[in-house]
Amino acid sequence: MTAPIHSIWLMPAVPDATLLAGIVSDQSERFGTPLFTPHLTIAGDTDRPVTALAAAIAQAAKKVAAFSETVTGIETSEAFFRSFYARFAVSPPLAALKRQLDGQAREPFMPHVSLLYGPVEAAPKAQAAAEVSTALTGRPIRFDRLCVVTSGQDVPIEQWRVVETARLA
């Protein structure tokens with residue numbers, strides 16, 4: 001039996017989470033794509049034990065206060081989990097969390113909150129992204145907690161579950 005796969009997500013505060021969830025829901029309905037909880041992945045697809053991950057997010061949360069980041073733009077890609085997304089700069093708090101919780105990352109950190117998953121025809125996706133860009137670009141999003149989530153590329157989206165939470169200082 002393989003170890004369960006988890007990720008560490010940085011979560012938007014409730015008002016921003018509600019706004020982003022509404023956008024995800026609208027896009028999911030518009031394109032017939034999966035529904036998911038908006039989040040900023042700090043570390044993905046790890047088989048480290050939940051107890052170790054919970055301890056790590058608790059320690060990191062003590063060192064970083066809740067903070068806001070401005071959406072620098074809405075971007076699209078062909079990647080399933082980044083069909084279109086809100087992009088953020090690598091700010092000091094984001095860099096600190098990434099270093100603490102995923103210091104061995106092989107790929108450059110690209111902070112983002114996905115707003116649409118799945119393959120979508122380019123022209124309608126571009127139109128939807130432009131509409132969302134008008135509403136979100138330049139808007140600050142507040143982040144206030146870290147979560148350990150049963151999730152990963154090989155875990156069905158409908159089975160993703162938050163299993164541990166730590167509030168930022």
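The values are calculated or read from the model by the stated rules, or taken from the named source; none is laboratory data. Here the structure is a predicted model, which means the values were calculated and not measured. Quick reminder, even Gly has a Cβ in these numbers, built from the backbone with ideal geometry, and neighbours come from all protein chains shown.
Tabulated values for the structure
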{"quantity": "Candidate set: segment 122-137, residues that are of a type in the set (S, T, Y) and in contact (Cβ under 8 Å) with a residue 60 or more places away in the chain; chosen: the one surrounded by the fewest Cβ atoms within 10 Å (Cβ to Cβ)", "calculated": "T137"}
{"quantity": "Residue pairs meeting the criteria (Cβ under 6 Å; at least 6 apart or on separate chains; first within 8 Å of L168 (Cα to Cα), in segment 58-83; second at pLDDT below 95 and surrounded by fewer than 18 Cβ atoms within 10 Å (Cβ to Cβ))", "calculated": "K62/A169; A65/A169"}
{"quantity": "Restricting segment 88-108 to residues that are closer than 17 Å to A169 by Cβ and among the polar types (S, T, N, Q), the residue that is surrounded by the most Cβ atoms within 10 Å (Cβ to Cβ)", "calculated": "Q100"}
{"quantity": "Residue list for segment 100-115, filter: assigned to a loop (DSSP other than H, G, I, E, B), in contact (Cβ under 8 Å) with a residue 60 or more places away in the chain and under 28 Å from L19 (Cα atoms)", "calculated": "D102, P111"}
{"quantity": "Subset tally (residues that are part of a strand (DSSP E or B), within 10 Å of I8 (Cα to Cα) and under 13 Å from the mean Cα position of the chain (by Cα)) for segment 126-161", "calculated": "4"}
{"quantity": "Residue match in segment 32-42 (condition: in contact (Cβ under 8 Å) with a residue 60 or more places away in the chain, touching a helix residue (DSSP H, G or I) at 6+ places or on another chain (Cβ under 6 Å), more than 10 Å from V148 (Cα to Cα) and in a helix (DSSP H, G or I))", "calculated": "no"}
{"quantity": "Within segment 58-87, considering residues that are part of a strand (DSSP E or B) and acidic (D, E), the one surrounded by the fewest Cβ atoms within 10 Å (Cβ to Cβ)", "calculated": "E75"}
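Quick grid of which residues meet (1) hydroxyl-bearing (S, T, Y); (2) surrounded by 16 or more Cβ atoms within 10 Å (Cβ to Cβ); (3) free of Cβ contacts under 8 Å to residues at least 60 places away in the same chain:
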{"residue": "Y117", "(1), (2), (3)": "yes, yes, no"}
{"residue": "V120", "(1), (2), (3)": "no, yes, no"}
{"residue": "R139", "(1), (2), (3)": "no, no, no"}
{"residue": "V148", "(1), (2), (3)": "no, yes, no"}
{"residue": "P156", "(1), (2), (3)": "no, no, yes"}
{"residue": "L168", "(1), (2), (3)": "no, yes, no"}
